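Taking it in order: structure first as structure tokens, then the write-up.
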Amino acid sequence: MAIIVISPHRRKDQRMPRLDRLDHKIIAILQENARLTNSEVAELVGSSEPTVRRRIDRLVREDVIKIVAVATPFQLGYNVVAILGIQIDQGYLQQIETALLAMPEIRFAGITLGSYDLVAEAWFQSNAELLTFLTGRLSAIPGIKRTESLQVLKMLKYAYDWGTQPSARV
């Protein structure tokens, strides 16, 4: 399945792009079906194909969107999806970030407020892989004080349609 993902991060030196109603309409349509042609998107938003093509190119170039295929973990044999709450020694934050970003099991990681300093989502093919990850690789990262693992038993919603308001949908 090809979908569009709103880019959740921005470099410090990167300015926020200005998005108008047409940009929001294009994004909303692509989030529903990123495999539509530019002509089909243009027809749905009431614009021309060249305008839509330029807008999509700009949105991708400015890192507002990425058009990617997003896999459903259970369908790929990743039967264990874990949400990890991680408490750290703040002096090690940069090292921990670097280590988490290098781990292929980690599919999402973010710095948070509240009980945990970081929250991550990780995929595994078995409970044995999860156990090895937690007791071996994750616990070996300097500065991690405590982790809590929550295993997802049933995926209720798995959406990547961030960034548009319902009013922007056509």
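The values are calculated or read from the model by the stated rules, or taken from the named source; none is laboratory data. These numbers come from a predicted model, not from an experiment. Glycine gets a Cβ as well: all are built from the backbone with ideal geometry, and neighbour counts include every protein chain shown. What goes into the accessible areas is simple: the full protein's heavy atoms, side chains included, and nothing from ligands, DNA or RNA. Shrake-Rupley method; radii C 1.70, N 1.55, O 1.52, S 1.80 Å.
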Do we find a residue being open to solvent by less than 70 Å² (accessible area, probe 1.4 Å), within 22 Å of V70 (Cα to Cα), assigned to a strand (DSSP E or B) and at pLDDT below 95 anywhere in the range 84-103? no
Quick check on my filter: what residues within the range 123-150 are open to solvent by 30 Å² or more (accessible area, probe 1.4 Å) and closer than 18 Å to L93 by Cα? R137, S139, A140, P142, I144, K145, R146, T147, E148
First in the range 25-40 and under 15 Å from A69 (Cβ atoms), second anywhere and hydrophobic (A, V, I, L, M, F, W, C), Cβ under 6 Å, 6 or more apart: L30/I4; Q31/I4; A34/A2; A34/I3; A34/I4; A34/I67; R35/A2
Looking at the range 41-83 only, could you name the residues that are open to solvent by less than 50 Å² (accessible area, probe 1.4 Å) and either assigned to a strand (DSSP E or B) or under 20 Å from F124 (Cβ atoms) (or both)? I65, V70, A71, P73, G77, V80, V81, A82
Scan the range 111-122 for residues that are open to solvent by 20 Å² or more (accessible area, probe 1.4 Å) and under 24 Å from A159 (Cβ atoms) and report the count. 7
Tell me, please, whether a residue that is within 30 Å of K25 (Cα to Cα), of a type in the set (V, I, T) and without any contact (Cβ under 8 Å) to a residue 12 or more places away in the chain can be found in the range 60-69. yes
Are there any pairs with C-beta distances below 7 angstrom linking a residue in the range 79-96 that is over 14 Å from L153 (Cα atoms) to a residue that is modelled with pLDDT of 95 or more and among the charged types (D, E, K, R), with the two at least 6 apart or on different chains, and if so which? G85/E148; I86/D117; Q87/D117; Q87/K145; Q87/R146; I88/D117; I88/K145; D89/K145
Take the range 17-40 and flag every residue that is open to solvent by 50 Å² or more (accessible area, probe 1.4 Å) and among the charged types (D, E, K, R). R18, D20, R21, K25, E32, R35, E40
The conditions are (1) over 17 Å from V81 (Cβ atoms); (2) among the aromatic types (F, W, Y); (3) at pLDDT below 85, and Y116 fails exactly one of them. Which is it? (3)
